[in-house]
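Every read-out reported here was derived from the displayed coordinates using simple, explicitly stated rules and does not represent laboratory data. These numbers were taken from a predicted model, which means no experiment stands behind them. Quick reminder, even Gly has a Cβ in these numbers, built from the backbone with ideal geometry, and neighbours come from all protein chains shown.
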Ligand code: HEC
Ligand code: HEC
Ligand code: HEC
Ligand code: HEC
Ligand code: HEC
């Protein structure tokens with residue numbers, strides 16, 4: 001079956017006492033030359049590492065112990081969100097006000113998935129189910145990330161979904177630019193502190209000057225930790241690491257190199273490092289303006305919201321993420337015998353696992369076919385059958401399990417463990433293998449075609465949540481590779497045979 005040469009599940013087995021160079025650098029400043037010895041001891045004795053703050057995210061889940069402590073520390077339990085004082089909707093401004101001066105940023109943002117985080121039909125359907133199954137226990141949890149203003153100032157709950165006037169804001173300008181701090185790096189641990197009287201907007205510039213509002217420099221906004229509060233999700237009650245995009249990044253070389261989420265997701269497109277211009281009319285001319293498309297992989301949702309530009313940007317992100325090649329190819333195949341073909345898939349562009357995010361759905365897989373001119377495919381693996389990738393498909397995805405070890409595909413509140421994780425690490429690769437019988441009647445040559453596909457969720461899950469025909473999932477081909485091989489009739493022929501054509505790797 002699946003034969004992966006990948007290290008992608010190592011982190012699940014290791015306690016989080018591993019030091020990243022960043023931590024070393026930080027502690028170096030603090031304790032000088034003893035750092036090296038200190039780090040050495042820590043590596044040897046994980047127990048000591050427990051004393052180091054920030055190292056405890058798995059060892060000690062962020063959960064207050066008594067009901068009173070819950071109320072004090074986590075006003076929106078089970079989410080970790082907090083505010084500086086009780087909030088009212090009037091304390092936030094509408095994005096349409098910002099549009100007046102930040103027209104381009106507004107346009108980019110309103111196309112983004114985050115602008116739709118409350119309206120998203122898949123979210124609404126799953127949220128409804130989750131709330132029902134848990135008697136509303138998870139309501140605050142979901143709403144903290146999908147509508148922070150709704151939760152903190154509008155008393156939103158699952159019942160809000162039934163309200164015909166429901167128009168809660170998603171993750172909008174006023175959410176992000178009023179986050180004054182964080183109290184952790186997951187499960188909604190932002191501190192929301194709007195200040196409408198003074199109109200203070202927190203942002204990345206020391207020298208921003210606006211006639212409408214005050215501005216304040218915020219280092220947090222320039223760092224991945226800002227995104228971590230929402231892009232790191234653990235089960236609120238049993239701490240199973242469900243969706244840990246920030247952790248994946250934090251443990252990667254991108255972190256060491258100082259490449260933040262913003263550097264890939266707040267540019268006009270993959271590989272575009274500069275975006276000169278102004279962020280506002282009356283603003284200063286600058287070498288790089290952080291754009292607000294926040295393109296990820298979910299072209300399906302952009303399509304659903306009638307946004308072909310956003311959908312294409314998401315596809316571009318996906319195409320920039322991976323390369324694929326055949327490796328160890330035989331010189332030729334032998335008719336009537338078994339052949340083995342290996343395909344190497346590399347994560348070259350994503351600063352986290354490939355794929356990352358929403359684990360019930362996100363799936364990348366190889367669709368591999370062997371064809372000879374004369375007949376139907378000799379071999380195929382990775383077709384979509386009945387709204388799922390067919391059994392045996394070489395795919396990269398997380399499989400979640402409940403407390404009995406049974407697979408959980410939608411009811412995420414039942415998750416108790418990770419059954420498998422075959423996603424590809426940042427800068428990592430996986431090798432998948434196919435063995436098939438070359439028919440005796442073949443005279444060759446044959447073509448090998450491999451496509452690397454992505455979908456945000458299997459069509460079957462969407463049909464189950466929304467009903468059939470409501471939303472068509474967009475399957476994106478991230479990259480392809482193909483080659484032609486000769487087929488020889490006898491074994492002795494093989495050694496003499498030459499490969500009839502070179503391997504070509506191309507991107508769509
Ligand atoms: C009357 C015009 C105007 C309006 C309306 C306006 N802004 Fe601004 N904003 C500016 C200007 C000008 C700058 C400075 C740009 C620069 O220096 O490059 C700015 C800068 C910013 C910054 C960057 C701050 C920093 O420290 O880097 C943020 C964030 C911001 N605005 C958010 C908002 C939000 C959110 C709204 C809507 C609630 C809004 N603005 C409405 C004109 C406006
Ligand atoms: C998901 C959070 C998020 C949302 C939503 C968001 N922003 Fe931002 N914005 C940021 C971050 C983070 C930065 C700074 C990026 C950096 O410096 O790395 C930023 C930067 C800015 C800047 C300064 C850009 C520059 O390069 O000088 C302005 C102006 C701004 N945002 C306005 C807005 C407006 C207006 C909206 C709504 C239409 C909005 N933002 C929505 C997170 C957000
Ligand atoms: C307040 C919570 C919150 C913050 C802060 C936040 N996000 Fe998000 N983000 C979300 C939610 C919720 C979604 C998913 C919405 C949906 O699919 O319904 C999302 C979606 C996205 C997507 C689209 C994913 C896809 O599948 O296409 C990208 C990319 C993204 N965020 C990047 C960022 C980056 C980069 C930052 C930091 C600068 C950030 N986010 C900060 C809540 C947040
Ligand atoms: C080196 C560039 C890079 C960095 C750094 C990076 N990303 Fe991504 N991200 C990508 C690419 C490329 C994709 C599309 C492929 C994929 O889905 O993994 C992506 C996809 C995503 C998605 C959508 C996943 C899906 O399939 O639904 C989210 C959400 C996301 N990134 C959030 C983040 C956050 C949060 C950070 C920081 C902790 C971050 N990214 C850092 C390049 C990057
Ligand atoms: C800590 C923040 C956080 C919490 C808590 C959270 N989400 Fe999300 N959710 C996200 C982010 C970020 C994404 C986008 C990830 C990606 O694009 O892969 C997302 C994506 C989703 C998606 C996929 C949407 C799509 O169109 O692809 C669904 C469905 C969803 N969340 C439902 C829920 C439900 C139900 C709950 C409560 C049980 C919940 N979420 C709790 C942050 C959160």
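Things to note:
- Pairs of alpha carbons in the range 106-156 whose separation is greater than 17 Å (percent): 39 percent
- Calculated over the range 73-140: convex hull of Cα atoms, volume per residue (Å³): 120 Å³
- Modelled spin labels at residue 475 and residue 132, positioned 7 Å past Cα toward Cβ, are 3.0 nm from each other.
- Binned Cα-Cα distances of the range 74-245, short to long, each 5 Å bin given as a whole percent: 1, 8, 17, 22, 22, 16, 8, 4, 2, 0
- Using the average count of surrounding beta-carbon atoms within 10 Å as a protection proxy, the listed peptides 263-273, 391-401 rank, highest first, as 391-401, 263-273.
- Distance between the C-alpha centres of the range 129-153 and the range 214-271: 22 Å, rounded to the whole angstrom.
- When only alpha carbons are used to place a centre, the range 162-177 and the range 373-450 end up 38 Å from one another.
- Shape summary: the range 327-378 maps onto an equivalent ellipsoid whose semi-axes, from the alpha-carbon gyration tensor, are 32, 15, 9 Å in decreasing order.
- Beyond 15 Å, the tail of the calculated P(r) for the range 248-308 holds 63 percent of the Cα pairs.
- Counting only Cα atoms, the range 318-506 measures 59, 34, 32 Å along its principal axes, largest extent leading.
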